[in-house]
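Reviewing the structure listed below.
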Amino acid sequence: MQVPYSQKRIKIFCQPISTNLKRKMEELADLAETLLLSLTLAEKQLPEKLWIIKTLQDLSTSEENCKFMMTAQAPKILCSHMNDVDPSGKLLFCSSEILWNLLEKGSKEEIINQLSNVECVNALKEAFLNLFLRASSHYDRQLRNDILVISTLIAQNPGAPMIETGFAKQLILVATSFEVKSHKPLVKGFKLTYCYEDFEWKKLLFNMLTVLSKDLCTVQLLHEGKVMLALFHYVKPNQKPGVRDWSVAQYEELQLHAIATLATMAPLLVEDYMACQGNTRLLMFLKWCAGNDPFFGQGNSFHGTGGRGNKIAQMHYSLRVLNSVVSLGDAAANLDLCDQGAINQLLSILKSTANNFKEKEDAIVVEIQTDIFLILSALCENNVHRKEIFGWEGVDTLIQFMKMDAKKFYSGLGHNHLLFSTLDCLWCCVIGCTILEDYFLEKEGLFTLLDLLVLNETNVCNLILGILVEFCDNPKTVSHINAWRGEKDQTAANLLINLWRQEEEEMGVKHDKLGRIAGFENLPGLSAKDFVTLAVIRRYLDFKVGEIWGEVCAELKKEKFYRPVTADQEALQDITEAFENVGMMVLSLQNEMLESKQYQELWEEEKSYAKIQFLHKQKEMVNKSWENLLIRTSNYEALKRANRLQEKSIEESRTKERQHNATFHPTEIKGLNITVAPGRLATVESSSAELTRGPLTDTELALKKFPIREGAFKKVEEV
């Protein structure tokens, strides 16, 4: 009996679907984009909205879903709903997590562009301020820091409306609220808890100040927020921490971060810097850094690199602040710095670092020394009094650093930059002060300078040559240059000549066998006009010098000086005539080039006409030969005349003397009326296509043989 279908017992074996398959199905179904669009439908339904946001949070871990969410303007939609009423706070947390996932999985630039509008920035500002005021738990403080990081990324976009929304002003107020007391309601009752989240939050605020300072429109806000005063709060040794205070390691990290931020802010707020007595504070702090007071730096942070167990990191960033201020060239700031003995103090630090870290140098120490030389260069340039303060001690220090081992230039620690700054300091702090120049020469500093020139370092070679030129104004310099000897008794003159040759090789200047310049000869691809210009280029230096002398003469006439003395007048006249002769010579050379070019063109034209004439003559000869052939073949009398002429010419060409008893065999066959040499084979020439005006009838005729048998043509096989 057949059992009905409904009564059959069917066993269904279900297998779970893999996570990857489910994820792929979600991506293909555009689920993330659909859920984003459905947020507007659940705007007043908090439970449904939370479920949608949580689902989007799970989906945002996939790169493909992030792409779909970006297409659906997810950042903008999330910002518009993150501050909706939610007692649990999960809506804001999940929204921030989704934004983080989008930044990590998607295009950061595109996301920041979508968030850089007034609506999104206002939403982030509202969320940040709410968390700032009510952050009482670890969860709230961590979420506050996340919102601040996202805001910092947006602030890096120049088009973000941070100032227009008032967010920048409030961030500056919050960043300085701990160091600068304010009576504004937003920060009036705020107190730090010194927990790890607040520590990270403080560093993020320093970073936000640096980002905001890149927009010059925020300078006024930074001034009003007393940012310089807040940052200088950390430019002092750490006092003994209390129970409710930052730990030693935390304070050190905040201190270094604040001083690094100060290096960015100080050039923008010079007046605030001077009002806070920035030079005095920094010099006192540097004195502490160079002192022997016990201090054990932790060196755990990014800014604390190289500062473990010492105060090198603090010195490093303090000098960076000074360098940024001095490089502005502000007269008041530089004068105040020099009046407080900054030059001698910096030289003392320079000597101490050279002695204390002689055996073990690192990149931070080298950078400190480089910054000191740059600061001294900026302070002493074009000021003889400050150069005298630099003094003999500074010259000795310069020579010591100029004698560094050449192998260090390739160590990767920055010794090449150190050498460059040392030479720059030599130029700015010594040259121009006769006392220091003479002392430098007495200490054989010029010999050290020439020893450096022998190394032929590309970056400093020009600087060394410039220093030598400036030193030549001192009458004692030439004797020192002539007295110098290098390896294998090399002289300074030979060194300079070798440098000249190397420079010519790098420039690709060509020479002949005797060493003369051939770079202006046999240049390919130049026209006559180019050669005319090249003649001027060859004598450019002469023309330039002549132009300068012409300007000198013109200035003398313009200023209405009396007539120069006879010797000077004759010298001016000779110089003027010499350069006029150079101009006439170049003009004559240019005329010769143009005439030569014209002659060359005429010769090429005549050559072309001769070739055309030759081709016409050949064509006439071919036509005449063809006409003679037609006459001979169509007129029998003409053929006989041609035959007789041929026989006569053959007979005349033979020798007249004949040997006795010699037998002569005739080479012609009697009775033939042809004008070609006879043979066993006859070549039949057909009329050319130009005369027949068409192809031959049978092109295979030349490949066929037709013997004559019984008066008829018969085709036989080809042998």
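The values are calculated or read from the model by the stated rules, or taken from the named source; none is laboratory data. Bear in mind the structure is a predicted one, so any value in this text is a computation, not a measurement. With ideal geometry, Cβ positions are generated from the backbone for all residues, glycine too; neighbour counts draw on all protein chains shown. Protein only, heavy atoms only, side chains kept; ligands, DNA and RNA dropped before computing areas. Shrake-Rupley method; radii C 1.70, N 1.55, O 1.52, S 1.80 Å.
Here the accessible area of the stretch 418-491 is 52 percent carbon and sulfur, with a 1.4 angstrom probe and all protein chains present. Looking at the stretch 137-252, the accessible area is 47 square angstrom per residue; that uses a 1.4 Å probe and ignores ligands, DNA and RNA. Just the protein heavy atoms count here, and of the accessible area of the stretch 38-155 at 1.4 Å, carbon and sulfur take up 52 percent. Calculated FRET efficiency, GLU570 to THR458, Cβ-Cβ distance, R0 = 35 Å: about 0.15 to the nearest 0.05. Legend: residue pairs LYS387/LYS476; LYS108/LYS181; LYS529/LYS619; LYS311/LYS407; LYS44/LYS67; LYS214/LYS351, Cα-Cα distance threshold 30 Å; pairs beyond threshold, LYS108/LYS181; LYS529/LYS619; LYS214/LYS351. For a straight C-alpha distance cut-off of 15 angstrom, the aspartates and glutamates reachable from LYS188 (same-chain residues fewer than eight places away being disregarded) are GLU179.
Nearest 0.05, what FRET efficiency do SER527 and GLU555 give at R0 = 56 Å with Cβ-Cβ as r?
0.90
Relative to the compact-globule estimate of 2.2 N^0.38 Å, the Cα radius of gyration of the stretch 355-413 comes out at 1.28. Amide H contacts of HIS511: ALA518, each under 5 Å away and 5 or more positions distant or on a separate chain (H built 1.01 Å from N in the peptide plane; Pro and chain starts excluded). Here the stretch 490-605 is treated as a sphere whose radius is the Kirkwood value from Cα pairs; by Stokes-Einstein at 10 °C and 1.306 mPa s it diffuses with a coefficient of 88 µm²/s.
Take GLU604, project a point 7 Å from its Cα along the Cβ direction, then tell me which residues of the stretch 526-549 have their backbone nitrogen under 20 Å from it. Only 526-535 fall inside the zone, counting backbone N under 20 Å. With the highest mean first, a sort of the peptides 147-157, 475-485, 396-406 on other beta-carbon atoms found within 10 angstrom per residue produces 147-157, 396-406, 475-485. Any chance you could check the Cα centroid distance between the stretch 595-620 and the stretch 463-480 for me, in angstrom? The distance from the Cα centre of the stretch 595-620 to that of the stretch 463-480 comes to 64 Å.
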